[in-house]
Amino acid sequence: MAELTEHFRTSRRWTLYFSTHRNPRRCVAMARHVHREQIVPNRWLHAATLERFARKPISRKTLNALAFPDLCEKNSLFASANYVKNELPTRLSHRIVDMKELPYFVLTAPSIHHVYQIYIDAFSSCSQFPPITSLGQEALFCELLKKIVSDSAEVVQLVAEGLFQSRMISQRLGLHKNQHLHVQLQEWVEILMASRIGRRVLAEQHIALHEAVQQGNDIVDMQCDVLQCLSHAILASKRVSTYHYGVSPEVLISGCDVIHLPFVRAHLEYTLFELLKNAMRATVEHAGGKRGSVFAPPEELPAVHVLVASGPSELTIRISDAGGGLKQGDKDKIFQYGYTTVGDHAAIEVAESVAEESFLGNALSDRVAPMQESPMAGLGFGLPMSRLYARYFGGDTKVINLEGYGCDVYVTLSRTGDVLENILV
Ligand code: ADP
Ligand code: MG
């Protein structure tokens, strides 16, 4: 067992092993073991510091306020660095306190525990950083931010695995029918993900500010080109569909020609990528194919229609497919984290192939994967994350089910950039 623990400590494969392994007894045994051996008070975490930060309120920003200040002004670089230096640990501390209040069996799920450790490490390093008054310190702080961003890249996938593991453990403990626990867990994931969006925007925007002095790159893009994001997402989703099914439906765009709005490009591309994959999956599977069998030729697949409409205050993107619509009884579940209609077998296949190929970062993080081998579906995070990204700066994502025919998915976004971050707490 000691050997196993060591493997577990050092290798992500073990985490994936538990996410793909369907034996609840093993999951529970491992969770107990993790608890006994590994959940020890973190040696880097000073409880008083955590409490001090957790008492501070979060200071929210609008997209307009996040956009770059005067780049020539050295003080604005320090002001941004010091704002992020204080704000990140505050936001992290709120989430750490939340995690400590999770039901015991959830925190002992190996992947959730891993997430907890990532948060503690980020909090410790950021809260201990001294005030930033020189360019040298500012450069060091940027290095730290880059590390924090890259360490948290796998959080979405870890949470997806953790939800599965805690489901296994709760089944074993006879708690799986407890509706209150289910709701509590869904709310926790929603807040965790919303808060993660905010922290990443803050950290990445400061890194971009640091680099923009040379290059002019910006994370918050005041002129985010919607059609460009759309064409990237179409290209990526068509590649994934072709890889998985051998075909991909055509995507026809109508509506406005040139549209810009203040937004985070990566968030818009991710959202469109996920929604297009859903539309394509429904279209291809509804047309009668299964993986491995012969599919209808592309010209026989009904096209996916994308309409882009824009007024002075709001932009709407409608993605319509003729993929048969939602499965019966799914309407209330599709926005739950971890809910998917990909069967157990296929879900395992997705997780295993991901583990083997180690393209995790791209495949399951909340970025558009450039690789065609990304999973088509199976994590159950596409819809809830798309809605969260839209809602974060005042928009929304809605699914209208045209029973027996297809789905219309509406993404609305604010064009004004003056909506405060929606951090949910
Ligand atoms: P995943 O795609 O990993 O299953 P999502 O959160 O993207 O997770 O979607 C959840 C479920 O919602 C899907 O499994 C599918 O059953 C349903 N769904 C989403 N979009 C569509 C669509 N356009 N047509 C039919 N069903 C859909
Ligand atoms: Mg999906």
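Rule-based calculations on the coordinates, nothing more; no lab input. None of the values given here were measured: they were computed from a predicted structure. Here Cβ is always computed from backbone atoms with ideal geometry, including for glycine, and neighbour counts include all displayed protein chains.
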Karplus 3J(HN,Hα) series, Hz, for the range 302-314 with 6.51 cos²θ - 1.76 cosθ + 1.60 (x for Gly, Pro)
x, 6, 8, 9, 10, 10, 10, 10, 9, x, x, 10, 9
Y104/Q137 FRET efficiency (R0 35 Å; Cβ-Cβ; nearest 0.05):
0.30
Once the in-chain neighbours fewer than 8 apart are removed, the lysines whose Cα is under 27 Å from K85 read K56, K61, K74, K100, K146, K147
Would you please state which residues of the range 318-343 a label at E403 would reach in this model, taking the label point 7 Å out along Cα→Cβ and a backbone N cut-off of under 14 Å?
325-332
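Using r as the Cβ-Cβ distance of H176 and R55, and R0 as 41 Å, what FRET efficiency do you calculate, to the nearest 0.05? Don't jump to the answer; show the numbers that get you there.
Values: r = 36 Å, r/R0 = 0.87.
Between H176 and R55 the formula returns 0.70.
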Based on the alpha-carbon gyration tensor of the range 217-317 and its eigenvalue square roots a ≥ b ≥ c, which shape applies: rounded if a/c is under 1.5, prolate if not and a/b is larger than b/c, or oblate?
prolate
If the label point sits 7 Å along Cα→Cβ of M222, residues of the range 311-327 with amide N under 20 Å come out as 312-315
Counting other Cβ atoms within 10 Å, keep those with at most 12, restrict to DSSP loop, and tell me which chymotrypsin sites (Phe, Trp or Tyr not before Pro) in the range 227-268 are left.
none
